[in-house]
Amino acid sequence: MTDTVSPAETDSRDAILAEARRLAVDALYSEKGHFEAASAWRGRTYSLGIPAALISATAGATILADMDPAIGGSLALVGAAITALMTFLNPSERASQHHRSGVSYGGLRRALRQFVQIDVGIMDVAALRSRLTELTEKIGALQSESLPIPSAAHKKAFKSIQGGSAEYTPQELALAGG
């Protein structure tokens, strides 16, 4: 008995492989986009938090130094406004959420890469289809629980990937467009 593969099975295997590669590239862009967003939100934490702390400390010092109460009061109001903005925006938590999503997309991307580079060669078409469905559902679940990627972060990720930060060929990256 010989192991022959029908043309239909080869076509199915090729279609599964192409879709898995597209998903891997999509996961790459999402991973990098979330890491860029996390970085931006961490920056906002510092750019709001440091001034808030310094302004509040200065407001307290003006009161202790027996300076004009209007200066201390104004500084206290500005410090309170920045602190309220930080509470409302919660940049630290947003950075953490984007980071977690980036890590999760990275894990899925690696699972998809293993699927493309190893599993496709050793599994039958039915098992491949089942595994692809499972990976697609995981990506869908992750998309539904992740924060949206801001357009600026998406653009930075795109430039980084197109600039060679990932080990994908230009053809594989082009597949992400569908």
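Kindly establish whether A65 is open to solvent by less than 70 Å² (accessible area, probe 1.4 Å) and without any contact (Cβ under 8 Å) to a residue 24 or more places away in the chain. When the stated conditions are applied, A65 passes them. Residue pairs whose Cβ atoms lie under 8 Å apart, sitting 6 or more positions apart in sequence or on different chains, and linking a residue in the stretch 24-50 that is closer than 11 Å to R94 by Cβ and of a type in the set (V, I, T) to a partner that is open to solvent by less than 40 Å² (accessible area, probe 1.4 Å) and assigned to a helix (DSSP H, G or I), are T45/P91; T45/A95.
Of the listed requirements (1) in contact with an Asp or Glu (Cβ under 9 Å, 6 or more places away or on another chain); (2) of a type outside the set (S, T, Y); (3) touching a residue at least 24 places away in the same chain (Cβ under 8 Å), R94 misses just one: (1).
Taking the residues in the stretch 119-159 that are in a helix (DSSP H, G or I), under 14 Å from Y29 (Cβ atoms) and of a type in the set (S, T, N, Q) as candidates, determine which candidate is least open to solvent (accessible area, probe 1.4 Å). That would be S151.
Given the criterion aromatic (F, W, Y), assigned to a helix (DSSP H, G or I) and surrounded by fewer than 13 Cβ atoms within 10 Å (Cβ to Cβ), identify the matching residue among F115, F88. It would help to see each step written out before you state the result.
On the way: F115 fails: surrounded by fewer than 13 Cβ atoms within 10 Å (Cβ to Cβ).
The conditions single out F88.
The values are calculated or read from the model by the stated rules, or taken from the named source; none is laboratory data. From a predicted model like this one, the values you see are computed outputs, not experimental measurements. Quick reminder, even Gly has a Cβ in these numbers, built from the backbone with ideal geometry, and neighbours come from all protein chains shown. SASA here: full protein model, heavy atoms, side chains in, ligands and nucleic acids out. Shrake-Rupley method; radii C 1.70, N 1.55, O 1.52, S 1.80 Å.
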